[in-house]
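Here's the structure, in structure tokens; my notes come after.
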Amino acid sequence: MTSPSTPAGPRIIVCGVGNYGQEFTRLARIKGWPIVAAINRAGAKIGRDLGDLAGVGSNGILVQDCAIADLASLGADIGVVFTTDSLAENLPVYERLLANGLNVICHGVQAYYPWRYDPETSARIDALAKENRKTFSGTGIWDMSRIWAGILLAGPSVVIKSFYHESVTQVNYPHPSVIERCGLDLTPAEYMARRARTPGGVQDYGLAGLYQSIPEHVLTALGLHVSHGEEVVEPIISADPVYCKALQRDIEPGRVVGWRYRSMIATHEGIPAEARVEMRLLRDDEKEHMIWEIDGTPGNRLVIERKDSIAASAASVLNRIPDVIAAEPGIRLLSELGPLRPHFPLSATE
């Protein structure tokens with residue numbers, strides 16, 4: 001339900017002040033919406049000025065330890081969570097925010113479609129949100145470019161035979177974690193050996209069900225009923241040398257530069273969906289892009305090119321805040337909140 005907010009906009013607590021939390025801080029400053037507190041896990045960022053961390057100059061908001069910060073006295077409307085993708089790992093933060101009377105938006109992947117990933121944790125979140133008459137939702141870059149793009153594309157259709165979703169995402173960042181997550185610079189045999197450790201070959205890379213949930217979410221939002229799905233992850237092998245920022249050198253031809261995820265989703269209505277998702281090092285002449293295509297009457301195809309993934313993710317969270325504050329208590333999927341839209345007045349400059 002609607003919470004009070006200042007004339008300047010909703011009062012926000014930033015939970016997690018890494019890259020996404022810092023970008024959100026920069027965008028909220030442009031928007032003029034007040035951040036009243038910032039919390040983070042214990043470490044070097046505790047006691048730092050949030051504005052200084054975000055590169056916008058001191059704003060007097062010192063980062064507090066999430067385990068001991070006093071949230072009840074802040075008069076905030078919502079907490080935005082930029083921590084992990086896991087509902088279960090984030091649960092203590094959700095519990096503190098909801099119990100202190102705040103709505104919650106989480107940037108983690110599982111928060112987009114929580115009932116599908118973790119029904120037990122989702123039930124706890126939903127019950128606590130309803131008990132405190134607050135709303136929980138997940139959003140980020142998938143909001144418009146993956147979920148709502150597929151939903152809106154189906155709008156003109158009279159007959160739908162099948163859906164197809166494709167995306168190519170850049171992973172060429174100078175963070176060591178991408179080496180392990182994407183299997184960079186492994187041989188095909190090494191990659192396959194790692195996959196063989198678990199059924200389906202997806203769990204050891206943390207990918208099981210992750211991207212399959214995109215077409216499942218879209219199909220369900222359109223009123224279809226998913227019957228089952230199949231998924232596989234396979235390595236993408238370089239044909240030419242590709243520079244890797246995390247390794248600070250080229251990856252030679254014949255070695256892994258990312259992974260490709262393929263899934264097939266069946267529905268009881270007989271309308272299938274196929275998804276093909278690539279996370280890899282892109283060449284300088286390539287762009288991140290998303291495609292949704294419908295085989296039907298009429299047939300339609302939508303292509304989205306993403307210019308700045310971090311900004312797009314943080315901005316999606318920012319622009320969803322009024323929708324979440326106004327929504328009914330409990331877990332609300334972004335597909336229930338309507339298409340993502342800007343909130344006026346907009347800033348003409350940064």
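The values are calculated or read from the model by the stated rules, or taken from the named source; none is laboratory data. Just so you know, these numbers come straight off a predicted model, no measurement behind them. Cβ coordinates were reconstructed from backbone atoms using ideal geometry, including for glycine residues, and neighbour counts include every protein chain displayed.
Before moving on, here are some points about what is shown:
- Members of the stretch 158-191 found to be in a strand (DSSP E or B) and either under 19 Å from L281 (Cα atoms) or among the aromatic types (F, W, Y) (or both), listed by number: F163, Y164, E166, S167, V168, T169, Q170
- Matching entry among V109, V104 (being closer than 22 Å to M144 by Cβ, hydrophobic (A, V, I, L, M, F, W, C), crowded, with 19+ Cβ neighbours inside 10 Å and at pLDDT 95 or above): V104
- When P119 is tested against (1) crowded, with 21+ Cβ neighbours inside 10 Å; (2) without any contact (Cβ under 8 Å) to a residue 60 or more places away in the chain; (3) not small (G, A, S), just one condition goes unmet, and that condition is (1).
- Output for the stretch 227-251, where each listed residue is surrounded by 15 or more Cβ atoms within 10 Å (Cβ to Cβ), under 22 Å from the mean Cα position of the chain (by Cα) and among the β-branched types (V, I, T): V233
- Where strands (runs of 3 or more DSSP E) sit wholly within the stretch 1-89, those with at least 1 residues that are under 30 Å from R116 (Cβ atoms), in contact with a Leu (Cβ under 8 Å, 6 or more places away or on another chain) and not β-branched (V, I, T) occupy 12-15, 78-81.
- Verdict on R48 being at pLDDT 95 or above, basic (K, R) and surrounded by fewer than 20 Cβ atoms within 10 Å (Cβ to Cβ): yes
- As a summary of the residue check, A273 satisfies the conditions (1) small (G, A, S); (2) crowded, with 19+ Cβ neighbours inside 10 Å; (3) modelled with pLDDT under 95 except for the one numbered (3).
- Failed item, numbered, when R306 is tested on (1) within 24 Å of Y117 (Cβ to Cβ); (2) modelled with pLDDT of 90 or more; (3) surrounded by 13 or more Cβ atoms within 10 Å (Cβ to Cβ): (2)
- Residues that are at pLDDT 90 or above, among the β-branched types (V, I, T) and either within 19 Å of R276 (Cα to Cα) or touching a helix residue (DSSP H, G or I) at 6+ places or on another chain (Cβ under 6 Å) (or both) within the stretch 221-244 comprise V226, I236, I237, listed in sequence order.
- Residue within the stretch 215-225 that is of a type in the set (S, T, Y) and farther than 16 Å from I160 by Cβ present: no
- Among the conditions (1) in a loop (DSSP other than H, G, I, E, B); (2) surrounded by fewer than 22 Cβ atoms within 10 Å (Cβ to Cβ), the only one that P92 does not satisfy is (1).
- R181 fulfils the conditions (1) modelled with pLDDT under 95; (2) buried (at least 19 other Cβ atoms within 10 Å of the Cβ) except for a single criterion, (2).
- The condition (being out of contact with any His (no Cβ under 9 Å at 6 or more places or on another chain), at pLDDT below 90 and not in a strand (DSSP E or B)) is satisfied by just one residue among G200, G155: G200.
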